[in-house]
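Presented below is the structure to which this report refers.
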Amino acid sequence: MRNYDLQFLKRFSIVIAILAVITVGLIIFASFLQRVIPAEVSPLAAKRIEQRIAPAGAVYAGSTGAAAQAAAAEAAAAKAAAAGGAYDGTLDGKVIFDKLCTACHLTGVGMAPTLDHAHWDKRIAQGKDTLYKHAIEGFNGPDGGMMPPKGGNAALSEAQIHATVDWMLANLK
């Protein structure tokens, strides 16, 4: 090898060694920072995770189970009453309809009547009290249609149900 080749290899080796030391230093610094700085958890993300991993139901067995089930139902009812009803207690029928009822009553899913007189005139003839009752308690129609109690949201108050039914009747096409 010639002298200038040896000079090049020596300098190249020194540059590579310096870059390797810098790389190792940066890796050590990054691992130190990761341990020192806590991970930020968004409150919204944490809430969504809690909702996803929450139990879907509970099992109650025997007489103690019946008591626990009754206590759980009372606690849920008290929580719903304390919250003032679903959707911040709003009595705006349009808000409730838009958030809960549109999935079925705009598309006719489950034989749900859409917002037109052809589907509602016979129902209106039964009286508003019957419509309120079916919306609150649920209803299985003779034609196979099904309305879940309170539209599937047990937190709705009766006043909210009445407001939503009234809004639907006022907006028939």
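All of the numbers you see were taken from the coordinates with simple rules; none came from a lab. Being a predicted model, the structure only gives us computed values, none of them experimental. For neighbour counting, all protein chains shown are included, and Cβ atoms are generated from backbone atoms with ideal geometry for every residue, glycine included.
The table for this structure:
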item: Net dipole in debye of region 87-170 [+1 Lys, Arg Cβ; -1 Asp, Glu Cβ; about Cα centre; nearest 20]; result: 100
item: Segments 4-16, 91-103 sorted - mean Cβ within 10 Å per residue, highest first; result: 91-103, 4-16
item: With Cα atoms, 0 to 90° folded angle of helix 62-82 axis to the chain main axis; result: 90
item: Helical contribution to [θ] at 222 nm, DSSP H n ≥ 4, -39,500 (n - 2.57), averaged over the chain, rounded to 500; result: -19500 deg cm²/dmol
item: Whole-Hz ³J(HN,Hα) from phi, Karplus 6.51 cos²θ - 1.76 cosθ + 1.60, for region 131-136, glycine and proline x; result: 4, 4, 4, 5, 5, 7
item: Proximal aspartates and glutamates relative to Lys150, as straight alpha-carbon distance under 20 Å, when same-chain residues fewer than 8 apart are discounted; result: Glu74, Asp88, Asp92, Asp98, Asp129, Glu137, Glu158, Asp166
item: Amide H contacts under 5 Å for Phe139, placed H, 5+ residues apart; result: Met147
item: Percent RCO, i.e. relative contact order, over region 32-173, from Cα pairs under 8 Å lying at least 6 residues apart; result: 26
item: Relative contact order for region 87-170, counting Cα pairs under 8 Å that sit 6 or more residues apart, in percent; result: 39
item: Added length on full extension, which subtracts the Cα-Cα distance from 0.36 nm per residue, Ala46 to Tyr132; result: 27.2 nm
